[in-house]
Structures are given as C-alpha cells and as structure tokens.
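Trainee: Have a look at the structure that comes next, please.
The values are calculated or read from the model by the stated rules, or taken from the named source; none is laboratory data. Source: prediction; values computed, not measured. As a convention, Cβ positions derive from the backbone with ideal geometry for all residues, glycine included, and neighbour counts pool all protein chains shown. These accessible areas exclude ligands, DNA and RNA; they are computed on the full protein's heavy atoms, side chains included. Shrake-Rupley method; radii C 1.70, N 1.55, O 1.52, S 1.80 Å.
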Amino acid sequence: MTGDQGSGGRPSGNNVPSAREDTAEPIRVQKGMFGANNGGDTSGYGGLVRTVMLPGASARPYGGPGGSFDEIADELEGALEEQGLVPENAIEKTVVDRDELTFHIAREHLVQVARTLRDDPALRFELCTGVSGVHYPGDKGRELHAVYHLRSLTHSRLIRVEVSAPDADPHVPSLVELYPTNDWHERETYDFFGLIFDGHPALTRIMMPDDWQGFPQRKDYPLGGIAIEYKGAQIPAPDQRRSYS
Amino acid sequence: MSASHAPHATPRATTEGTVYTVTGGDWDEVVQTAAKADDERIVVNMGPQHPSTHGVLRLILEIEGETVTEARCGIGYLHTGIEKNLEFRNWTQGTTFVTRMDYLTSFFNETAYCLGVEKLLGIEDAVPDRATLIRVLLMELNRLSSHLVCIATGGMELGATTIMIYGFRDRELILDAYELITGLRMNHAFIRPGGLAQDLPPGAVDYLRELLKKLRKNLPEYDKLATGNPIFKARMQDVGYLDLTGSMALGATGPILRSAGLPHDLRRSDPYCGYETFDFEVPTADTCDAYGRFLIRLEEMRQSLRIVEQCLDRLEPGPVMVADKKIAWPAQLALGPDGLGNSLDHIKNIMGTSMEALIHHFKLVTEGFRVPPGQAYAAVESPKGELGVHVVSDGGTRPYRVHFRDPSFTNLQAMAAMCEGGQVADVIVAVASIDPVMGGVDR
C-alpha cells in the first residue's frame, strides 16, 4: 500500500473510489525508484520516469454517505441551470476521493457557485471554513489552487470547492462578500501564495511583515536555515537534506 | 516580489539584500491628524507585549472618551512557518510540529493531523480501538486544561487572581497526568499517524481515576467563586456580544457559536474517533455574551470528565498502533528510568537477531512512509471550535501541503464586531471570551 502511487490506486475498503476519467492533474515527475537523486545510480532503477497524478474526475454515481454526493451534485447542477448557466462550464470536474466530494470550479463562476451553495435551501452550505492555498508548479497553467471547505450545518455535510489560477495571472474572485469569515483567510493565502483575491476589501499581508518580498509558501521559495554541527558532523539545513519523495 | 514599495518604507541596499525602514512619519502623521481634530478621539495601540492581550496580540483601538469606535487586530508576531516546515519533514515528524501550533490544545492538533494523514493512507479503520480511546481520553483532558487556562487568565484580566491560581492549580494536575502518559507536560508529539507513540504506562488508569476525583471536587469551586458573583457578572454579562447571524457570517465556532444558542459541536454533528458512542451533552446559552461562554466552558469541563470516565471504563488491552509495519513508526518506545526512549527489546531485535527488521527500521526512520497522492480534510472540535486540517500528498514521504484552519485565527476576526461601540475595559473581557492562543493564530 505504501509504495502505491501514480494512478491514484487506493487500498481497498468500504470506501472504494468512483471510476475515473483521465482528467487527473500531474503534480510532479518522479525519476528512479527510491527518491534519492544525488549520487550515482547504484540501484539500477534510475531510468524509471513516472508522472504522479492527483485523483482525476469521477464518473456517476458519486456515492457518499447515503448517496448524498449525487444529491448535492444534482442540486448544484440543477440550480446553476436555473440561473442560465451551463453546469459543465462552471464545474470543470467533480472528484470523489477518500469519501470526500470536490467540485473544481472555473474561477469566473466561483462567486455565483458559492452563492448558490450557500443560499439554495437544498444545499445550504452556510459555514465556510476558510481557504487553503496550494502551489502545484507541475500543473502547468493551473499552478495556484485555492481550496475551500464548506460545511452545511443544516444537512450535516461537508464539500470541497477548488479553483485554480495560473502563476502568470494569479487572480481569483474574493468570497468575503458571501462569507465574511474569509477576510483573514484570503489575506493569509495572498500573503503566502501571492494569490490575488479580486474584490477583497483590504488585501494586505497578515502574517509576514508588510514589506516582505516574495510569497513564502510557494514551492520555489526556499525554506532557509543553516547547517549545524552535531557530534562533529555537519547536518545540512532541512531543505538541503536528502529527500526520498 | 513586488518592485514598488510603500511611501513610508524607504529601501536601502545592503550586502544582505534590500532593507526597508518602515518607521518614520507614518505614526506621527496619524497623531498629528488626531490632535488637530477637536474631539476626544484617540488611537490606542495595545500590545503586542501587553499582559492582557493573550500573548503577542496587537490591538489597535480608536477610542472616543471611554467608547471604542473602531477596533482592529494586528497578528503575525508569532508566525513560525510551521506549515512550510512540515513540507520538509516526513509525515511522522509532522506531529512534532503541529503540536506546537496551538500549544494549549496539543492533542487536538495532533489528532486532527493524524486523522488527515490516516484518511490519505486509507487506514482509518485499521487504527486500533485502544489507540482511538486513548486519543479521545487525552483530547477530553486537554479540553479541560485548555478551558482552565481560558477561565484562569480571563479571571486574572478582570483582577480576580484567585480564579487564576485555582485554574492553574487544576491545570497542573492534568499536566502531571500528561507527563505520566507522554513524558512531557506540553508539546507531546504522542499521537502519531496510525496510532500512538506508546501505550499508557502501568498504573495510568488508577492515576487518572484519582485525578477525576480531584477534579470533580475542585470544579464546583469555580461555580462558587464566579458564577453568582455580582462583580463577575457585571463585568461579563452583555459584554462581547455576538449573535448567531454574526457568528455564522464570521465563521466563529466553539463556545462563541454555542453561546448564541446553536448546539453545533463536531463531536455530535460530524463524529470522529467514535464520539457517537459516548454519552455527553452539548451545553448552549442564549445570551451571546462573555458570561454565556464562561458558563458553557464550565459545563463542557463537566461533560469532558464524563467522557474521560467512559474512556477509562472501556479501555481494553490491545495494540495502540496499526499492524502495518511499514507505517507503524517508531512504536517501539519504552519508558525508561530516565524518560521516554528506545525499547531495549526492539534494539536487541534489530541489532542482534533480525537483519530484515534492521533494514525496515532503517528505511522507515530515514525515509518515512509514502502516502498515496490526493488531498483530505479532517476536522475535530477543539476547545475553541472547529480545528480543520487540509493535507495534500504528492505520493511522497513528505507532506506536499498541510494547512491548519485554526479556530483561534477565525474566531479572532470577531473581535471588532464584539468590541466596537463598547467600553475600553470590555475589550479585555471580549478578547478573553474568544480565548485566542497566538501560537494557533499565527502558526
């Protein structure tokens, strides 16, 4: 199980993932077998090249507890259609993985989709738990992701909404107007990833000093640190140590 | 990466890179403008080193006479980059970092993180019952110790030092129990992906039963001291008001949301760790104020005692780590006379008996285990509200991204809504009723 990666194969259990179409997102390319990439190829596996993909779009039925994922998806698609929006344009893909439902939303439709998710009586995701940024330099043209987890207290449900923006145009519409709680969360994501939330009332740095340069949680931003001496040996800084990924 | 700079941040090139000097005319200008105005409006900077602002929280208050007209928070003084650091350690080492986020709710951070990793690994069902029970037990003790600090420091900020002494006295009893179980009073890194670092030491159950007795005896003292106390009530009632609409909009959870009357508790609405099998109540209040939150915390401590008792009754001997030896790391620890250390039996096995065991041990310790690519969200009800963890794996031995949705961070946003229009002295009470811990806010 632990060596099981790549196509997103999962250990069996009662949470068997839905069948996938081939819209998975590449996140990195692994060379060799054991992750170590400094030094010569002593293992003989150095020629292996494998693209690591995130779980791709799922096909119906989505399942979920009591079939609720299908219900949510039906409601959302129906409600968007009522508003004169083609659901396929707004929802780029729907992923069911590890018993969690994720809607990948085109960023230009994010506000409308979020409003529908919040206000539609059958959906009613009234609590937003904020936004988490992720930087995927390997996902060309969609490097920056903003991930929202929405909770419905009315129906006791949780879904994930994900939008992406390219590094070259790091703009995502702000949800502060809908979920005021996202105020600080969006500032934090801006601070760490440089994602600009259009429409945010005061998008300034929140954790780092105001005059900080760069966005620390991006993958190309170094961790920093210095080598230390321990019992006579030089221990390199954490980001210089050997990685086995 | 922006090349431009603010007018008050003049750049200066040095050998170490560009240095900005941000001090200067900025603050003076504010003061001058304020002095010119012929009202009593002044801007007060409170913190970040003020004893009643809960650590390094900076409050910027605009006051007119005794009334706060605007209130803002300045945070980030305790930002330590834990989330970034996690990306450079393996999955198991992560617990050592996350336990230091909100340092008063260590076990919640560890459990939430481990639940997320276990979800990614797909081993939620493989975690032994005993490990889950001990997690619940530790979390509920942790709820007590966190609420005790909240009540103690909150009391101290009102000038009620007796409450402070009582609170820290009782918390110390609980920290002694942590020390017995994990070897440490704080920052335990005891809960690991797949289970626990080690089993309860001999005699721990009896010790905990004794502890419960002591706490049962001590808890009513807070009621006697404070609940009916007219000064206490006068300071707390109708202070820090935030109704249900406000709480939902601002994403406030935990005692703040429950003080507005909504019995939302993840242990009930989205159970994890088998909470659906425990018998406890979710207290609420309808006062929306600091006093209601105080009463809720008191009642939650009583309910936590009930849960701890049920855990102790249910504990059965068994493993505390998943059976999969490729994940169970290090697991072979033992409590020696000088503290927690390597199990001598394990060392004998890997060094003297089994070459394969040595190889596995070596690979697990140097490389860690791989986690299939994907993302997961795990949430627990911490003493402060919903503590959510978003973990992303790229299939490697290190987390690709870990984000903590810390309840202190989210709840602190409600400070302005609670304080504006109130008195300066009430700001302290309102902030204390939010119970922010800057380690969690800034991470």
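Trainee: Please tell me if B:Ala204 is surrounded by 20 or more Cβ atoms within 10 Å (Cβ to Cβ) and without any contact (Cβ under 8 Å) to a residue 40 or more places away in the chain. Give the derivation first.
Mentor: Details: surrounded by 20 or more Cβ atoms within 10 Å (Cβ to Cβ): no; without any contact (Cβ under 8 Å) to a residue 40 or more places away in the chain: yes.
No: the conditions fail for B:Ala204.
Trainee: State yes or no: is B:Ile231 part of a helix (DSSP H, G or I), open to solvent by 70 Å² or more (accessible area, probe 1.4 Å) and either more than 14 Å from chain A (Cβ to nearest Cβ) or not β-branched (Val, Ile, Thr) (or both)? Give the derivation first.
Mentor: Values: part of a helix (DSSP H, G or I): yes; open to solvent by 70 Å² or more (accessible area, probe 1.4 Å): yes; either more than 14 Å from chain A (Cβ to nearest Cβ) or not β-branched (Val, Ile, Thr) (or both): yes.
Taking the combined requirement at face value, the residue satisfies it.
Trainee: May I pose another question? Mind checking whether some residue in the range B:290-299 is of a type outside the set (A, V, I, L, M, F, W, C), at pLDDT 90 or above and open to solvent by 30 Å² or more (accessible area, probe 1.4 Å)?
Mentor: Restricting attention to the range B:290-299, the residues satisfying the condition of being of a type outside the set (A, V, I, L, M, F, W, C) are B:291-293, B:297, B:299.
Add one more test, that the residue is at pLDDT 90 or above, and what stays is B:291-293, B:297, B:299.
Imposing the further condition that a residue be open to solvent by 30 Å² or more (accessible area, probe 1.4 Å) reduces the set to B:299.
Within the range B:290-299, one or more residues are of a type outside the set (A, V, I, L, M, F, W, C), at pLDDT 90 or above and open to solvent by 30 Å² or more (accessible area, probe 1.4 Å).
Trainee: Has the range A:190-199 got at least one residue that is within 10 Å of chain B (Cβ to nearest Cβ) and open to solvent by 20 Å² or more (accessible area, probe 1.4 Å)?
Mentor: Within the range A:190-199 (the criterion being within 10 Å of chain B (Cβ to nearest Cβ) and open to solvent by 20 Å² or more (accessible area, probe 1.4 Å)), the answer is no, since none of the residues qualifies.
Trainee: Then there is this: Starting from the range A:127-141, take each residue that is at the interface with chain B (Cβ under 7 Å from one of its Cβ atoms) and list its partners that are of a type in the set (Ser, Thr, Tyr) and open to solvent by 10 Å² or more (accessible area, probe 1.4 Å), counting only C-beta distances under 8 angstrom and pairs at least six apart or across chains.
Mentor: Within 8 Å, the pairs are A:Val134/B:Tyr400.
Trainee: Just give me the residues in the range B:35-48 being at pLDDT below 80 and touching a strand residue (DSSP E or B) at 6+ places or on another chain (Cβ under 6 Å), in sequence order. If you could, list the steps in order and put the result at the bottom.
Mentor: Taking the range B:35-48 as the starting set, the residues that turn out to be at pLDDT below 80 are B:35-41, B:47-48.
Hits for the range B:35-48 are B:Glu40, B:Arg41, B:Gly47, B:Pro48.
Trainee: Which of the residues belonging to the range B:412-443 are of a type in the set (S, T, N, Q) and over 30 Å from A:Glu143 (Cα atoms)? Steps first, answer last, please.
Mentor: So the first thing to find is which residues in the range B:412-443 are of a type in the set (S, T, N, Q), and the list is B:413, B:423, B:433.
Passing the criteria: B:Gln423, B:Ser433.
Trainee: May I pose another question? Can you go through B:Glu140, B:Glu118 and tell me which one is under 24 Å from B:Asp324 (Cβ atoms) and part of a helix (DSSP H, G or I)?
Mentor: Numbers: B:Glu140 fails: under 24 Å from B:Asp324 (Cβ atoms).
B:Glu118 is the lone residue from the list that is under 24 Å from B:Asp324 (Cβ atoms) and part of a helix (DSSP H, G or I).
Trainee: Go through the range B:121-138 and report how many residues are hydrophobic (A, V, I, L, M, F, W, C), surrounded by fewer than 24 Cβ atoms within 10 Å (Cβ to Cβ) and within 14 Å of chain A (Cβ to nearest Cβ).
Mentor: Final tally of qualifying residues: 3.
Trainee: Which condition number in (1) crowded, with 18+ Cβ neighbours inside 10 Å; (2) away from chain A (no Cβ under 14 Å); (3) modelled with pLDDT of 85 or more is the one that B:Pro319 fails?
Mentor: Of everything listed in (1) crowded, with 18+ Cβ neighbours inside 10 Å; (2) away from chain A (no Cβ under 14 Å); (3) modelled with pLDDT of 85 or more, B:Pro319 misses just condition (1).
Trainee: When the range B:385-402 is examined, which residues are found to be open to solvent by less than 10 Å² (accessible area, probe 1.4 Å), touching a residue at least 60 places away in the same chain (Cβ under 8 Å) and at the interface with chain A (Cβ under 7 Å from one of its Cβ atoms)?
Mentor: Once the filter is applied, which keeps residues that are open to solvent by less than 10 Å² (accessible area, probe 1.4 Å), touching a residue at least 60 places away in the same chain (Cβ under 8 Å) and at the interface with chain A (Cβ under 7 Å from one of its Cβ atoms), the range B:385-402 yields B:Glu386, B:Gly388, B:His390, B:Thr397, B:Arg401.
Trainee: Please specify each residue of the range A:220-232 satisfying the condition of being in a strand (DSSP E or B) and open to solvent by less than 40 Å² (accessible area, probe 1.4 Å). Even if it seems obvious, please write down each step before you answer.
Mentor: Here is the first cut: in the range A:220-232, the ones in a strand (DSSP E or B) are A:228-230.
Listed by number, the list is empty, since nothing qualifies.
Trainee: Looking at B:Thr182, is it hydroxyl-bearing (Ser, Thr, Tyr), surrounded by 14 or more Cβ atoms within 10 Å (Cβ to Cβ) and over 14 Å from B:Asn142 (Cα atoms)? Write out each step before concluding.
Mentor: Working: hydroxyl-bearing (Ser, Thr, Tyr): yes; surrounded by 14 or more Cβ atoms within 10 Å (Cβ to Cβ): yes; over 14 Å from B:Asn142 (Cα atoms): no.
Spelling it out, it is not the case that B:Thr182 is hydroxyl-bearing (Ser, Thr, Tyr), surrounded by 14 or more Cβ atoms within 10 Å (Cβ to Cβ) and over 14 Å from B:Asn142 (Cα atoms).
Trainee: Another question, if that's okay. Kindly establish whether B:Ala226 is open to solvent by 10 Å² or more (accessible area, probe 1.4 Å) and in a helix (DSSP H, G or I). Step through it out loud before you land on a result.
Mentor: Details: open to solvent by 10 Å² or more (accessible area, probe 1.4 Å): no; in a helix (DSSP H, G or I): yes.
Spelling it out, it is not the case that B:Ala226 is open to solvent by 10 Å² or more (accessible area, probe 1.4 Å) and in a helix (DSSP H, G or I).
Trainee: Being among the basic types (Lys, Arg) and assigned to a loop (DSSP other than H, G, I, E, B) is the filter here; which residues of the range B:82-110 pass it?
Mentor: Within the range B:82-110, the first condition is being among the basic types (Lys, Arg), and the residues that meet it are B:84, B:89, B:100.
Result: B:Arg89, B:Arg100.
Trainee: Now for a separate question. Those residues that are surrounded by fewer than 23 Cβ atoms within 10 Å (Cβ to Cβ) and either of a type outside the set (D, E, K, R) or away from chain B (no Cβ under 11 Å) (or both), I need them from the range A:153-166; list them, please.
Mentor: Selection gives A:Leu153, A:Thr154, A:His155, A:Ser156, A:Leu158, A:Ser164, A:Ala165, A:Pro166.
Trainee: Here is a list: A:Ile206, A:Ile235. Which entry is free of Cβ contacts under 8 Å to residues at least 12 places away in the same chain and open to solvent by less than 70 Å² (accessible area, probe 1.4 Å)?
Mentor: Details: A:Ile206 fails: free of Cβ contacts under 8 Å to residues at least 12 places away in the same chain.
The conditions single out A:Ile235.
Trainee: Just checking, does the range B:405-423 include any residue being acidic (Asp, Glu), open to solvent by less than 10 Å² (accessible area, probe 1.4 Å) and under 24 Å from A:Arg218 (Cα atoms)? Talk me through it step by step, then tell me what you get.
Mentor: At the first step, the residues of the range B:405-423 found to be acidic (Asp, Glu) are B:406, B:420.
Add one more test, that the residue is open to solvent by less than 10 Å² (accessible area, probe 1.4 Å), and what stays is B:406.
Filter again for under 24 Å from A:Arg218 (Cα atoms), leaving B:406.
Yes - at least one qualifying residue is present in the range B:405-423.
Trainee: Do you know which of the residues in the range A:80-126 that are within 14 Å of another protein chain (Cβ to nearest Cβ), assigned to a loop (DSSP other than H, G, I, E, B) and among the acidic types (Asp, Glu) is least open to solvent (accessible area, probe 1.4 Å)?
Mentor: A:Glu126
Trainee: Out of B:Arg235, B:Arg293, which single residue is in the same structural domain as B:Ala430 (by the TED database), of a type in the set (D, E, K, R), in contact (Cβ under 8 Å) with a residue 60 or more places away in the chain and farther than 25 Å from A:Ser152 by Cβ?
Mentor: On the way: B:Arg293 fails: farther than 25 Å from A:Ser152 by Cβ.
The match here is B:Arg235.
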